[in-house]
Every structure is written in C-alpha cells, then in structure tokens.
Amino acid sequence: MSSSTAAARSPTRDVSDAPAITATDDELRGFLAEAEIPPLLPALAYVTGDLSLLRDDVRPDPHLLALPQGGMSADQAATARELALDALVRFRDGGCVRAAPPSHAELLHLVEHVVGESGMDDYLPLLEEELALRGDDRRGPQWRKADVAPETNFRVVVIGAGMSGILTAHRLAQAGIDYTVVEKNDDVGGTWYENTYPGCRVDNPNHNYSYSFAQRHDWPLHYSDQRVLHEYFRDCARDFGVLPHIRFGTEVRSLTWDDGAATWSVVVRGPDGNDDTLVANAVVSAVGQLNRPHFPEIPGIDSFAGVSFHSAQWDHDAPIDGARVAVIGTGASSVQFTPEIAPRAGQLFVFQRTPPWLGPSPDYHEAVPEGQRWLYAHVPTYSEWNRFWMFWRMGDGSIRGVRVDPDWDSSNGTVNVVNDLMRTMFVSYLEREFAERPDLLPHVVPTYPPGAKRLLRDNGVWAGALTRDNVELVSHEIREITPTGIVTVDGTAYDVIVYGTGFQASNFLTPMQVTGSGGIDLHEQWAGDARAYLGITIPGFPNLFCLYGPNTNIVINGSIIYFSECGVRYILGCMELLLRGQHASLDVRKDVHDEFNERVDAENRMMAWGWSDVPSWYKNDQGRVAQNWPFTLLEYWQRTLAPDPDDYVVA
Ligand SMILES: Cc1cc2nc3c(=O)[nH]c(=O)nc-3n(C[C@H](O)[C@H](O)[C@H](O)COP(=O)(O)OP(=O)(O)OC[C@H]3O[C@@H](n4cnc5c(N)ncnc54)[C@H](O)[C@@H]3O)c2cc1C
C-alpha cells in the first residue's frame with residue numbers, strides 16, 4: 001500500500017494572474033463581438049465594483065436560458081456589449097486595479113442577474129463554491145489524518161482511475177490517507193480513455209465539464225473531443241501526484257468484508273494474470289456507470305462472420321471504406337460517429353429503435369473564438385462566471401422543463417408547458433434539417449417528451465448523414481443476425497456491424513463479486529435493482545462507498561463531475577467520522593436507505609424519463625429508474641455536505 005504524505009495542490013489559476021489590458025478600444029470592441037454575453041456584465045461588475053452594469057434590460061429571461069446568449073435579443077446584446085466596452089476601457093485606463101470582493105448582498109445580486117431570477121439565497125454557498133473565484137477549492141478536506149487520528153492505520157482501495165477515481169485519489173492525498181488505486185486499463189481516464197470512436201466528444205461544454213478546482217480557461221473547443229479530455233484527466237492525475245499510487249492493468253475481481261477485522265479483502269488480478277489480495281479499511285468504487293459495453297439481445301448475434309465491434313471498443317482497422325456497414329443504435333455515441341463514417345462507407349444502414357431529440361448547438365464542433373479566448377485570459381473572473389452561467393442553464397435552470405405537471409394535457413407527449421415549448425422548438429429544427437427529405441420526418445421526430453431520453457446536441461451533421469445518398473435509416477425491428485447480415489423484414493448482407501448500443505448501466509459494480517457483512521452477496525441483495533443511499537452507501541456493506549452509483553446520473557441537467565465532487569466530499573466526511581471517533585466501521589441504516597429510495601422513486605416517476613414508457617437505459621429490467629437523480633443539483637450538494645452520523649450504524 002503506498003503512502004501519501006504531502007498535501008497535493010489543486011492546480012487552480014489565481015484570477016489575479018490575468019495580464020494587464022493594453023488593447024485599443026477598437027480591439028476591445030472586436031473581442032466583445034465574440035463574447036458570451038450573459039456572464040460578461042457580472043464579471044465586469046465583480047471586477048470593477050460597478051454594480052450599475054447589472055441593468056434589468058440586459059438580464060437573461062429565465063425561460064429562454066437554453067437559447068444562444070440566453071435568448072437575449074440582438075438589441076439587448078448590443079447594449080450589453082456597449083456597457084461592457086465602457087467598463088473595460090475604464091478598467092484598462094485605471095491600471096486594471098480590481099475592486100475589493102463584493103459583500104454577501106452584492107454577490108447575491110450578481111448571481112441573480114446571471115440566472116435572471118431572484119430568491120437565490122439558498123444557492124449562494126453552492127454557487128460561490130462552483131465559481132471558485134479566487135482559486136478556492138472549498139470541496140477539499142479541511143482536515144488531515146495526521147491531526148485527527150495519527151496513530152490509526154487506515155488504508156483505502158479505490159477501484160478505477162477515471163474522472164471519479166482520480167478525484168478520490170487527490171482528496172485522499174490531501175487528507176494524508178494511504179491509498180491505492182486499482183485500474184484495469186493501462187492508463188487513466190476511463191470513459192475518455194476507452195471511447196476512441198470517430199467524433200467522440202463531450203456534450204457538456206468544457207468550461208463546465210471539468211473539475212471545479214482545476215478549471216481551464218483556454219479550452220480550444222467549446223466541446224472537447226476525446227483526445228483533449230483524456231489529456232486533461234491525465235494532466236490532472238499527474239499534477240495531483242496520484243499516478244505513482246495507481247496499479248494499472250489490474251482488475252478488481254472480488255471484495256469481501258471481514259466483520260471481525262472490519263476490513264475489506266480486495267482480490268485483484270494483475271497484468272501477469274496472477275491474483276493478489278489487498279486489505280483495506282475502506283473501498284471506494286469508482287467503476288463508472290458507462291464502462292461495460294452493452295450488446296443487444298439479438299438471436300444469432302455471435303454468428304456474424306464479418307467485422308463487428310462496439311463503439312466503446314472501436315476497431316480502427318475495420319474495413320469501413322467503401323464497405324456495406326450497419327450501425328445499430330441512434331443514441332449519444334451513434335449520433336457522434338455515424339456522421340463521421342457515413343462519407344467513408346460504400347453504403348451505410350442505420351438501425352433505429354427510437355429517434356433522439358436533438359438540441360440545436362451550432363457551436364458543437366467549433367473552436368472557442370479568438371475574442372472570447374482573449375476575454376477569458378484578460379478579464380479577471382469572466383471565465384469563472386461563464387462556467388457558472390453554464391452550470392446554471394444546464395443544471396437547475398433547466399430542470400423545470402422535464403418535471404411532470406399533473407394538470408398538463410400530455411396528449412402530444414409533453415409533460416409541462418416548458419417541455420411543450422422545447423418540443424415545438426426541436427420539431428421545427430428537425431423540419432428545417434430534413435426539409436429536403438420530408439419522407440424521413442415521421443422516423444426522426446420522437447413521440448416521447450424531450451428529456452425522457454438523453455437530449456443530444458446537433459449542429460446539422462445528423463441530418464447531413466441521414467440524408468446522404470449512401471445512407472438508409474432502417475426503423476424495422478431486427479429479427480436476427482446471420483453470418484452475412486441482419487434480418488429485418490428483408491434480410492441484408494453487411495461487411496461490418498457497429499454496435500452503438502450503449503452500456504450495461506443498470507449492472508452497477510459488475511462483474512465484481514462483492515460480499516458484505518454476514519456473507520451477503522451484493523448482487524443477490526440488489527437482484528437486478530441496484531440502490532444506494534445518496535448513490536453512495538449500501539446497507540450491509542460497511543465502509544464501501546460508490547461514486548457515480550445508483551441514481552446519480554443526470555439526463556439534461558449538468559455534469560457528472562459535479563456529482564463526483566459532491567460524492568467524494570461526503571465519502572471523505574465519512575472517513576473523518578470514522579477516524580475522529582476511533583470507529584472501525586460505518587454502515588448505512590436500512591430504514592434511512594429505504595426511505596431515501598422511496599423518495600427518489602416517487603420523484604423519478606414525476607420526471608419525463610420516469611413518466612414516459614419510451615425504452616431507455618435509465619430504467620433497469622424491472623422498469624425502475626435506477627440511474628437518474630430526480631432532484632435539484634442544490635439538493636445533492638446540501639445532502640452530501642457532510643454525513644449525518646444518525647444515518648449510520650457506527651461500530
Ligand atoms: C461516450 C460518452 C460520452 C459521455 N459524455 C458525457 C458528458 O458530456 N457529460 C457528462 O457529464 N458525462 C458524460 N459521460 C459520462 C461519463 O462516463 C462521466 O462523465 C465520467 O467520465 C465518469 O467517470 P468515472 O470515473 O465515474 O467512470 P469511468 O470514466 O467509466 O471510469 C471507470 C474506471 O474504472 C475502471 N474499472 C471498472 N471496473 C474495474 C475493475 N473491476 N477493476 C479495476 N478497474 C475497473 C475502468 O477501467 C475505468 O477506467 C459520457 C460517457 C460516455 C461513454
């Protein structure tokens with residue numbers, strides 16, 4: 001077991017590092033022409049102390065947040081740019097001297113301007129943390145083991161070195177706790193290491209999809225591709241100093257809790273094929289929800305004699321050029337890779353079960369414009385306010401669009417008035433996109449509510465692919481796969497089959513064997529219906545903590561990194577509780593766990609994804625939504641600030 005002693009530094013930029021502004025007025029005007037407007041005036045108000053910039057006539061409308069520039073009209077945007085130019089010129093001419101940080105009331109005013117709403121008091125502490133304005137890392141442990149339990153041996157095994165595992169390792173190092181990370185791959189990054197398919201990219205803008213305490217202000221693209229994201233997580237792992245603590249090429253096979261010793265025995269299989277046992281006081285499972293590829297249950301699937309592979313295991317040598325290729329699935333990955341391979345294939349057949357809703361995102365593949373990058377670099381706090389703007393509009397600012405209104409007439413398949421607006425907007429987008437192929441419209445316009453399945457981003461490439469002469473959209477059910485092809489109502493022969501069929505998201509913590517207190521088997525206890533308290537702890541499995549566990553996924557609102565940051569803080573809180581109290585174990589109370597899950601289930605039934613009967617990976621085989629968090633991001637933050645000792649049996 002490796003030991004970590006020095007507190008690791010979180011590589012956050014100090015916003016006071018921004019270079020002095022020497023640009024001319026005309027140059028500034030040019031930069032501002034490319035700015036994201038809604039966070040601009042708050043950033044300038046923050047930096048200059050001039051709160052008169054926060055005028056009501058240039059405030060985003062909370063109902064239009066999803067639109068470009070938060071739905072601001074061209075006139076509003078022009079006014080905002082003029083105000084910003086004036087403020088920037090004054091800031092430059094005054095020697096770029098920053099005003100003192102705002103008072104609590106002033107900060108609240110700033111935040112309310114960005115979100116376009118009032119009554120944000122409850123959110124303020126969360127938002128200040130997310131903003132990380134002064135390079136703060138408030139989610140890190142504020143204690144060290146050496147201070148709270150210097151004599152106690154305490155070791156942790158972390159399973160997985162993706163985004164969540166790297167984060168956990170960093171926090172454990174900051175608390176001075178011994179840990180080892182076990183990773184089955186040869187490198188860190190998880191999702192962003194494994195998914196190398198053409199077109200793979202994040203669909204949450206990077207300024208939001210990154211650690212709050214390791215923000216980057218110079219992302220080359222709004223939505224980074226897999227390579228850039230993998231590099232980011234690798235750089236973070238290196239900068240956090242966690243790489244020497246990772247055992248690569250090593251897979252955890254089983255975990256067994258020893259009631260007497262209050263330890264976990266973790267059996268791992270290393271690159272040499274030999275098994276080894278690690279003993280740990282606590283285990284953190286950071287194995288991801290989307291790490292094990294899912295193949296559909298189609299008769300004859302193994303009989304295909306051509307080349308076939310899953311999108312997460314992309315075969316870069318596959319003979320796609322000029323070939324007859326079948327893609328099965330039109331979910332998130334397929335919508336990214338199908339447009340990439342369509343021009344290469346001789347003929348491409350896209351097999352669809354249900355069409356996706358597409359959110360128009362013109363900048364999806366675009367580089368961050370020069371002017372905006374200049375503003376991020378030179379206007380202190382602009383990048384942070386921009387991140388916060390995204391956090392809000394893609395987070396709690398949009399959740400109202402997918403919650404069922406019991407009084408709403410849902411006959412057109414929508415769940416509330418905002419959901420209906422979304423539908424109207426998305427349908428007219430599809431009508432425009434498929435204007436030249438109206439015959440495809442009945443097949444590409446979903447009948448389920450926006451938000452019942454993951455809403456996908458599109459900049460026109462999906463229709464671009466499906467309307468090509470060499471591409472056919474097939475909506476018939478697949479009956480069978482044969483050595484030469486796929487049998488629908490009419491059999492067809494293919495050279496290559498690509499499965500864009502997602503992951504075994506319901507099979508949490510598989511294929512590991514997990515044996516808890518009294519010899520209970522986790523997968524028998526779950527019986528195909530995984531549940532946990534806050535997605536983290538499971539009754540009967542003391543000192544086992546999950547990240548990206550049951551009911552911590554999100555459909556439209558936010559980034560998984562946020563959930564993992566909250567979860568890791570909570571897990572470190574549990575460890576602090578154990579160490580300070582000289583306790584050996586902590587097991588969540590079954591009644592607390594059950595009551596929480598009842599609330600989750602009730603609320604998920606009121607969300608578009610639980611209400612609709614459209615098939616999706618958000619439901620397990622029993623029809624329960626086991627993946628998604630139905631409440632606000634604020635609620636997850638509040639509930640994971642620190643563990644309540646009363647929720648646990650502590651021994
Ligand atoms: C194509 C794709 C696009 C996505 N886009 C977004 C997005 O835009 N926004 C968003 O918020 N989320 C997105 N996600 C979800 C994404 O999975 C999370 O954002 C995040 O990367 C999860 O990180 P993680 O560390 O929890 O899990 P993972 O990244 O899945 O990492 C899990 C790690 O655990 C390792 N592991 C698993 N089992 C074992 C074992 N038994 N022994 C040892 N090691 C093991 C794996 O090898 C892997 O490295 C996307 C997912 C996919 C697949």
Taking every C-alpha to C-alpha distance in the chain and binning by 10 Å from 0, the per-bin percentages run 3, 15, 24, 26, 20, 10, 2, 0
Summing -39500 (n - 2.57) over every DSSP H run of at least 4 residues in the chain and dividing by its residue count gives a helix-only mean residue ellipticity at 222 nm, to the nearest 500 deg cm²/dmol, of -9500 deg cm²/dmol
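Relative contact order for region 125-180: what is it in percent, counting Cα pairs under 8 Å that are at least 6 residues apart?
38
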Within the under-11-Å Cβ sphere about residue 564, not counting residue 564, Lys/Arg +1 and Asp/Glu -1 give a net charge of +2
Scan of the chain for GluC sites (Glu not before Pro) in DSSP loops with at most 14 other beta-carbon atoms within 10 Å gives a longest site-free stretch of 478-651
Net charge near residue 605 (other residues with Cβ under 13 Å of its Cβ; Lys, Arg +1; Asp, Glu -1) is 0
Along region 533-541, Karplus-curve 3J(HN,Hα) (6.51, -1.76, 1.60; θ = phi - 60°) to the nearest Hz, with x for Gly and Pro, reads 7, 6, x, 10, 10, 10, x, x, 10
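Nearest 5 percent is fine: what portion of the DSSP beta bridges confined to region 171-273 is antiparallel?
80
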Amide H contacts under 5 Å for residue 551, restricted to residues at least 5 apart in sequence or on another chain and with H modeled in the peptide plane, are 627, 628
Classified through the alpha carbon gyration tensor (a ≥ b ≥ c as square roots of its eigenvalues; rounded if a/c is under 1.5, else prolate when a/b is larger than b/c, else oblate), region 281-380 comes out oblate
Full extension between residue 151 and residue 589 adds, at 0.36 nm per residue less the Cα distance, a length in nm of 154.8 nm
Long-range amide H partners of residue 310, meaning residues 5 or more apart or on another chain whose placed amide H is closer than 5 Å, are 499
Residues meeting the amide H criterion for residue 513 (H placed from the backbone, H to H distance under 5 Å, 5 or more places apart or on another chain) are 254, 255
The percentage of Cα-Cα pairs in region 430-526 separated by more than 21 Å is 60
Taking the alpha-carbon centre of each part, the distance from region 513-582 to region 144-185 in Å is 16
Residue-ordered couplings for region 306-314, obtained by feeding phi - 60° into the Karplus form 6.51 cos²θ - 1.76 cosθ + 1.60 and rounding to whole Hz (Gly and Pro as x), are x, 8, 9, 7, 8, 4, 7, 10, 4
Here the relative contact order (percent) of region 184-303, from C-alpha pairs under 8 Å and at least 6 apart, is 21
Expressed as a whole-number percentage, the relative contact order of the chain with C-alpha contacts under 8 angstrom and at least six residues apart is 17
Using a 1.4 Å probe on heavy atoms of the protein chains only, the accessible area for residue 118 in Å², nearest 10, reads 90
Counting Lys and Arg as +1 and Asp and Glu as -1 over every other residue whose Cβ sits under 12 Å from the Cβ of residue 41, the net charge comes to -3
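The values are calculated or read from the model by the stated rules, or taken from the named source; none is laboratory data. Keep in mind the model is a prediction, meaning the values are calculated, not measured. Cβ coordinates were reconstructed from backbone atoms using ideal geometry, including for glycine residues, and neighbour counts include every protein chain displayed. These area figures cover heavy atoms from the full protein model, side chains too; ligands, DNA and RNA do not enter into them. Shrake-Rupley method; radii C 1.70, N 1.55, O 1.52, S 1.80 Å.
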